[in-house]
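The structure under discussion appears below in the form of structure tokens.
The values are calculated or read from the model by the stated rules, or taken from the named source; none is laboratory data. None of these values were measured; they are calculated from a predicted model. Note that we place each Cβ from the backbone using ideal geometry, even for glycine, and neighbour counts take in every protein chain shown. These accessible areas exclude ligands, DNA and RNA; they are computed on the full protein's heavy atoms, side chains included. Shrake-Rupley method; radii C 1.70, N 1.55, O 1.52, S 1.80 Å.
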Amino acid sequence: VQLQASGGGLVQPGGSLRLSCAASGSIFSINAMGWYRQAPGKQRELVASSTNGGRTTYGESVKGRFTISRGNAKNTVSLQMNSLKPEDTAVYYCSARTLGARYPDYWGQGTLVTVSS
């Protein structure tokens, strides 16, 4: 499975940004897709995930501000980020998890999101 993410960039505090990710290859094996992020000097953390069955999970710091969505074919995932804060600055990674896996099996290349005035 290959994951290709896009949509990062520079945005002012309070602004919005949308990330997108498309999976290719053995997509039949994917049971969930999501986003993680890693800020400088910090561990990678879950931002949001969505299973094929529609169950979503959000990190505490983004609840109410970010929304994850999947495409109809279940091989794409998007992250709508609103009310962005400087602490949201990080490299965002698209992820995919197979059935039964507790953690992602596949990772995208990462896209940088910078929230700054």
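Quick rundown of the values:
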| read-out | value |
| --- | --- |
| Output for region 7-30, where each listed residue is on the phi < 0 side of the Ramachandran plot, outside any helix (DSSP H, G or I) and modelled with pLDDT under 95 | G8, S24, S26, I30 |
| Residue within region 81-97 that is at pLDDT below 95, surrounded by 13 or more Cβ atoms within 10 Å (Cβ to Cβ) and either within 20 Å of S16 (Cβ to Cβ) or among the aliphatic types (A, V, I, L, M) (or both) present | no |
| Which listed residue is closer than 16 Å to S29 by Cα and either open to solvent by 30 Å² or more (accessible area, probe 1.4 Å) or in contact with a strand residue (DSSP E or B) (Cβ under 9 Å, 6 or more places away or on another chain) (or both), from T67, T76, T56 | T76 |
| Subset of region 2-55 that is small (G, A, S) and free of Cβ contacts under 8 Å to residues at least 40 places away in the same chain - its residue that is nearest to C94 (Cα to Cα) | A48 |
